[in-house]
Amino acid sequence: MAEPMGFFTDTSVCIGCKACEVACKAWNQLPARNGGKVPLTGQSYDNTVELSGIQWRHVKFIEQFSPDRSSGRWLMMSDVCKHCVQAGCLEVCPTGAIIRTEFDTVVIQSDVCNGCRACIAACPFGVIEINPETNTAMKCTLCYDRMQAGMVPACAQACPTHSIQFGPISELRQHAEARLAQLQAQGVTQARLYGHDESILGGLNSFYLLLDDPEVYGLPSNPQLPSRNVAPSAGLSAAGAVALGLLGLAGLRKRRMDQLAAEAREQQEGDGSHAG
Amino acid sequence: MPDSFFTASPEWRWWIVFYFFVGGIAGGAFAIAALLRLFGREVDRPLSRLGYYIAFPGSIISGILLIADLKRPERFWHMLIQSETFAPAFKWWSPISVGSWGLLLFGLFSFLAFVGALAEVGILPRGLQALVQGGLGAAVNVLGGISGFFLAGYTGVLLSTTNRPLWSDTVWLGLLFLLSGFSTGAALLILLSWRQNPPALAWLKELDAWVLGLELVVLIVLLATVGMAVLRPVLFNAWGVLLVVGVVLVGILVPGLLHYRPLLGRLTVPGAALLVLVGGFVLRVVMLLSSEAA
């Protein structure tokens, strides 16, 4: 297996230009939403709204303004599939359409997916959706085709501020820690890394430097694998099945006992009348 | 905000609601039929045959509903066979994968029992009675009964094995759906057989009353363990009202009362059964769609 590769996204230098979105759409030949007739959302300056089956990169605009809007800031973050080391989507996919590549990234094979949508419900980040053109689940492939040819993913190539950095995970972690130390030395105490270590799903191969709590960016603070519930849930169901079986048997046994008692009574009454 | 609210909806809607309902009834009806066949008397055979008659068509309808829900229905077989290698596709840790095989096995055993039942009443050659009688019949009933219980309950486990609001915030959904499937299976058996007044009707009614009680307890435990942070956005709205009125009142308390007090006269028995079926359906609607709407 090749060295694990991924993204480190430094949100502190994202300027919200959405070049990554455009590059992703162009390289992966993803169609426009609603045939290109996209109304303005009124959600800050963001009109691409969210990640979807045809939007594999999405730059979030998070407004943090005072009520009179005299002071404030935008937080900007280019969101993408996290290519989790322990991936919920890969775990639940029944068809084997979702695979882990030699670069430790997670890819959906469109020719295998049958659109059951289990991966959509399993992803703790809300990344995956159905592509309406192929009717299969789709998300960022981390430009698997480009990586196989030794190229940088389109989004990272296009990013003008190096907010999106691509490379071996071990190197990216070093960059991230150095950048965090630099920001904290400058007094940006709210800066923190998200997904850089194994505490979140064994590590995210697309991890972040954030300037506020993860929830502010629409990221769960403690994402988990869906399989955590399988054993207790299945165990309770199995115990319930046994209890139901025993309940049914107890009822049948009671019926049998009542019947035998009735037969014995009838026989006694019959014997009594003969004796009389 | 709980982590489950950062996820996207799989849009499992009406096909899946009906599948959960029909699959629960089919699994529950077969499990009851198997109990009667294995531990009941010969006079109970017509009622157990009715269970087989419900189970097999139920398994077929379940398969059709599941396939209809796929975005690429022509690839339904990818659930069972790997499209590239043609090796079996099976993940024991993925309920949707295990469920596909479980439904297939349930379909097989319910088909065998269905054929055996038709042979018993003379529609098919008498030799096929062996499928529901003797040693072979016992094996079909045991394996079919187990897969029936599985079919009724795994759907709730499947929902819990996600990261979605409500579904993944509890581990009690599998048990709740199992109890509801068993009780709706019993209710349909009662509804279709009460006119003939089979000897096992009283047993079935009492069993259903017990299961309704258990279902209410499990529902309360489920809601208590989910927590207010999830309940408030998911069920403190019209869905919650539907749960209380449609499931607790109409589907559990009223039919539970009717099992002991014949308040509807001659229509008490079918009326109670019908309400249990309505409650079972509304339970699936609320549990699926309230999370999807959150």
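Over the stretch B:3-293, Cα pairs under 8 Å with separation of 6+ residues give a relative contact order of 23 percent. Helical runs assigned H by DSSP (4 residues or longer) give chain B a calculated mean residue ellipticity at 222 nm of -23000 deg cm²/dmol, each run adding -39500 (n - 2.57) before division by the residue total.
Diffusion coefficient of the stretch A:5-224 by Stokes-Einstein, Kirkwood radius over Cα pairs, 10 °C, 1.306 mPa s: 89 µm²/s. Per residue of peptide B:164-172, the mean number of Cβ atoms on other chains within 10 Å of the residue Cβ is 4. Peptides A:13-19, B:32-38, B:286-292 ordered by packing proxy, namely the average of other Cβ atoms within 10 Å per residue, highest first: B:32-38, B:286-292, A:13-19. Could you tell me how far the Cα centroid of the stretch A:9-55 sits from the Cα centroid of the stretch B:192-215, in Å? Here the answer is 58 Å between Cα centres.
Mean per-residue shielding of peptide B:66-73 is 5, counting Cβ atoms of other chains within 10 Å of each Cβ. In plain terms, if you count all Cα to Cα distances in the stretch A:16-93 and split them into 10 Å steps from zero, the share in each step is 16, 40, 28, 14, 2 percent. Once the chain from A:V242 to A:S71 is taken as fully extended at 0.36 nm per residue, the excess over their C-alpha distance is 55.2 nm.
Across all directions, the average flat footprint of the convex hull enclosing the Cα atoms of the stretch B:132-195 is 5.6 nm². For A:T41 and A:S170, the FRET efficiency from 1/(1 + (r/R0)^6), where r spans their Cβ atoms and R0 equals 30 Å, is about 0.15.
For A:S78, the residues 5 or more places off, or on other chains, whose built amide H falls under 5 Å of its own are A:K60.
Remark on A:W56: its backbone amide H falls under 5 Å from none of the residues 5 or more positions apart or on other chains, H modelled at 1.01 Å from N.
Each Lys and Arg adds +1 at its Cβ and each Asp and Glu adds -1 at its Cβ; summed about the Cα centre, the stretch B:3-293 shows a dipole of about 440 debye. From the P(r) of the stretch A:138-263, can you give the percent of Cα pairs sitting at distances over 24 Å? The answer is 56 percent, as a whole percent. Sorting B:Y260, B:Y19 from the fewest to the most surrounding beta carbons within 10 angstrom yields B:Y260, B:Y19. Per-residue ellipticity at 222 nm from helix content only, as computed over chain A with -39500 (n - 2.57) for each DSSP H run of at least four residues, stands at -10500 deg cm²/dmol.
For chymotrypsin sites (Phe, Trp or Tyr not before Pro), the sites in the stretch B:206-245 that DSSP calls loop and that have at most 15 other Cβ atoms within 10 Å are B:F236.
What ranking of A:I130, B:I60, A:I164 emerges when the number of other C-beta atoms within 10 Å of each C-beta is taken as an exposure proxy, fewest first?
Working: A:I130 22, B:I60 15, A:I164 25.
Ascending Cβ contact count within 10 Å gives the list B:I60, A:I130, A:I164.
Restricting the calculation to Cα atoms, the stretch B:33-166 shows an Rg/Rh of 1.04 when the hydrodynamic-style radius is the Kirkwood one. For the protein assembly as shown, a simple Cβ point-charge model (Lys and Arg +1, Asp and Glu -1, everything else neutral) yields a dipole of about 1100 debye relative to the Cα centre. Nearest 0.05, what FRET efficiency do A:T161 and A:Q190 give at R0 = 25 Å with Cβ-Cβ as r? Working from the Cβ atoms, E equals 0.80. Entry note: the stretch B:3-293 has Rg to Rh equal to 0.99, where both radii use alpha-carbon atoms and Rh is the Kirkwood radius. Per-residue shielding of B:75-86, expressed as the average number of other chain Cβ atoms within 10 Å of the residue Cβ, stands at 4.
With an 8 Å cut-off on Cα pairs and a minimum separation of 6 or more residues, tell me the relative contact order of the stretch A:1-84 in percent.
Working: 98 pairs, mean separation 27.3, N = 84.
Contact order relative to length: 32 percent.
The mean of 1/r over all distinct Cα pairs in the stretch A:229-275, once inverted, gives the Kirkwood hydrodynamic radius of 13.5 Å.
Multiplying the residue separation of B:V217 and B:R126 by 0.36 nm and removing their Cα-Cα distance gives an extension gain of 28.2 nm. Using a cutoff of 8 angstrom between alpha carbon atoms and counting only pairs six or more residues apart, the relative contact order for chain A works out to 24 percent. Packing here is the average count of other Cβ atoms within 10 Å per residue, and on that basis the peptides A:182-195, B:99-112, highest first, run B:99-112, A:182-195. Sorted largest first, the spans of the alpha carbon positions of the protein assembly as shown along the three principal axes are 111, 55, 42 Å. When both bridge partners sit in chain A, DSSP labels roughly 85% of those beta bridges antiparallel. Judged by the mean number of other Cβ atoms found within 10 Å, the most tightly packed of the peptides A:152-158, B:252-258 leads the ranking A:152-158, B:252-258.
Based on the reciprocal of the average 1/r between different C-alpha atoms, the Kirkwood radius for the stretch B:1-71 equals 14.0 Å. Between A:A178 and B:L108, the simple label model (points 7 Å from Cα in the Cβ direction) yields a spacing of 6.0 nm. Averaging Cα coordinates gives a centre for the stretch B:270-294 and one for the stretch A:201-271; these two points are 19 Å apart.
Each value in this text was obtained by applying a stated rule to the coordinates, not by laboratory testing. Computed from a predicted model, the values in this text were never measured in an experiment. A quick note on method: Cβ atoms are made from the backbone with ideal geometry, for glycine too, and the neighbour counts reach across all protein chains shown.
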